[in-house]
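Step one of this worksheet: look at the structure below.
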Amino acid sequence: MTVWGRRLPSVTMDSEDTALYRDITDFAHDTPNWVQHGAGIWTEAGLLVFAGLFATAWWHARRGSPRAFAIAALAPLATAVAYVCSEVLKSAVAEERPCRAVAGAAASLAACPPHGDWSFPSNHATIAGAAAVSLAVVRRALLWLTAPLALLMAFSRVFVGVHYPHDVIAGLALGTLVALVAVRLGRDPVTRLAGAMRTSPAPAVRWVLGPGPAPVPSYETHARR
């Protein structure tokens with residue numbers, strides 16, 4: 001891959017990282033079939049779980065303040081930005097997949113991606129890290145749910161044999177960083193936009209953004225009754 005007139009070298013794996021990859025994939029082959037099958041499902045289905053959490057956060061934020069809605073709306077957008085960043089970095093580094101590059105390793109449980117579908121960083125781990133953090137910004141208590149889900153997804157990518165450990169660690173770190181920056185930069189302008197658009201006459205727009213918080217009855221209103 002040539003960037004600004006220079007070819008970026010592929011990441012060079014040290015013996016410890018390669019040995020850890022072998023240990024994890026050997027362990028994977030020693031687990032029961034239902035564990036292997038479950039890991040294969042989770043490594044992809046986990047993305048749908050995060051999508052469902054995004055939708056739930058948006059639905060609840062429809063009755064929140066413009067700021068709360070803005071953060072909930074930014075969560076999937078920040079995750080998408082993190083994914084794009086991982087794709088750019090992946091193409092620049094051009095690291096071969098371990099299921100093809102590591103001699104003597106156990107066969108991967110998942111189909112090894114074709115040459116050109118590079119390994120570093122892990123897109124899945126990047127998405128998981130970004131989703132976990134951005135959802136925790138929406139509601140801090142969600143971190144107790146999203147962090148284990150993200151770590152499990154990252155580990156599953158090594159477990160099924162398609163990533164090195166450093167691929168998923170870098171993906172989690174990249175996703176976390178990009179999500180925090182994206183939400184921080186977008187929060188104020190999206191808050192102002194959400195507040196302005198909630199007065200739109202278009203029913204579809206009002207449905208998407210929601211009615212906002214219910215008005216609190218004033219003391220004077222109760223007194224008059």
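The values are calculated or read from the model by the stated rules, or taken from the named source; none is laboratory data. On a predicted model such as this, the values are computed, not experimentally measured, just so you know. Cβ sites come from the backbone with ideal geometry, for glycine too, and all protein chains shown count toward neighbours. These area figures cover heavy atoms from the full protein model, side chains too; ligands, DNA and RNA do not enter into them. Shrake-Rupley method; radii C 1.70, N 1.55, O 1.52, S 1.80 Å.
Taking the stretch 104-124, which residues are open to solvent by less than 50 Å² (accessible area, probe 1.4 Å) and in contact with a His (Cβ under 9 Å, 6 or more places away or on another chain)?
Matches in the stretch 104-124: ALA106, SER119, PHE120, PRO121, SER122, HIS124.
Identify, by number, the condition in (1) within 12 Å of the chain's Cα centre (by Cα); (2) at pLDDT below 90 that PRO113 doesn't meet.
Checking PRO113 against (1) within 12 Å of the chain's Cα centre (by Cα); (2) at pLDDT below 90, the one that fails is (1).
Could you list, in sequence order, the residues of the stretch 36-63 that are within 25 Å of THR191 (Cβ to Cβ), in contact (Cβ under 8 Å) with a residue 60 or more places away in the chain and either among the aromatic types (Phe, Trp, Tyr) or outside any helix (DSSP H, G or I) (or both)?
Answer for the stretch 36-63, where residues must be within 25 Å of THR191 (Cβ to Cβ), in contact (Cβ under 8 Å) with a residue 60 or more places away in the chain and either among the aromatic types (Phe, Trp, Tyr) or outside any helix (DSSP H, G or I) (or both): PHE50, PHE54, ARG62, ARG63.
Quick check on the stretch 188-205: of everything there that is touching a residue at least 12 places away in the same chain (Cβ under 8 Å) and within 18 Å of TRP58 (Cβ to Cβ), which residue is surrounded by the most Cβ atoms within 10 Å (Cβ to Cβ)?
Across the stretch 188-205, the extreme among qualifying residues is ALA194.
Report, ordered by the first and then the second residue, all pairs with beta carbons closer than 7 Å, sequence separation of six or more or different chains, a first member in the stretch 1-28 that is basic (Lys, Arg), and a second member that is modelled with pLDDT of 50 or more and surrounded by 13 or more Cβ atoms within 10 Å (Cβ to Cβ).
Correct list of pairs: ARG22/VAL102; ARG22/ALA105.
Residue check: is ALA101 at pLDDT below 90, farther than 30 Å from ARG198 by Cβ and open to solvent by 40 Å² or more (accessible area, probe 1.4 Å)?
Against the criterion (at pLDDT below 90, farther than 30 Å from ARG198 by Cβ and open to solvent by 40 Å² or more (accessible area, probe 1.4 Å)), ALA101 qualifies.
Only one residue in ALA80, ALA75 is part of a helix (DSSP H, G or I) and either in contact with a Ser or Thr (Cβ under 9 Å, 6 or more places away or on another chain) or farther than 24 Å from LEU177 by Cβ (or both), so which one is that? Quick ask: steps written out before the conclusion?
On the way: ALA80 fails: either in contact with a Ser or Thr (Cβ under 9 Å, 6 or more places away or on another chain) or farther than 24 Å from LEU177 by Cβ (or both).
Checking each option against the conditions leaves just ALA75.
Please enumerate the residues belonging to the stretch 170-202 that are more than 17 Å from ALA72 (Cα to Cα) and part of a loop (DSSP other than H, G, I, E, B).
Across the stretch 170-202, the qualifying residues are THR199, SER200, PRO201, ALA202.
Would you point out which residue out of VAL102, VAL81 is more than 22 Å from the chain's Cα centre (by Cα) and either among the hydrophobic types (A, V, I, L, M, F, W, C) or under 22 Å from PRO148 (Cα atoms) (or both)?
Unique residue meeting the criteria: VAL102.
Of VAL81, VAL102, VAL49, VAL88, which residue is of a type in the set (A, V, I, L, M), more than 30 Å from ARG22 (Cα to Cα) and out of contact with any strand residue (DSSP E or B) (no Cβ under 9 Å at 6 or more places or on another chain)? Break it down into steps so the answer makes sense when it comes.
On the way: VAL102 fails: more than 30 Å from ARG22 (Cα to Cα); VAL49 fails: more than 30 Å from ARG22 (Cα to Cα); VAL88 fails: more than 30 Å from ARG22 (Cα to Cα).
That would be VAL81, the only listed residue that is of a type in the set (A, V, I, L, M), more than 30 Å from ARG22 (Cα to Cα) and out of contact with any strand residue (DSSP E or B) (no Cβ under 9 Å at 6 or more places or on another chain).
Restricting attention to the stretch 125-158, which residues are within 16 Å of PRO98 (Cα to Cα) and open to solvent by 10 Å² or more (accessible area, probe 1.4 Å)?
PHE155, ARG157 - these are the residues of the stretch 125-158 that are within 16 Å of PRO98 (Cα to Cα) and open to solvent by 10 Å² or more (accessible area, probe 1.4 Å).
I want to confirm something. Restricting to the stretch 116-148 and keeping residues that are modelled with pLDDT of 90 or more and over 23 Å from ARG184 (Cα atoms), which single residue is nearest to the chain's Cα centre (by Cα)?
Residue satisfying both the conditions and the ranking: SER122.
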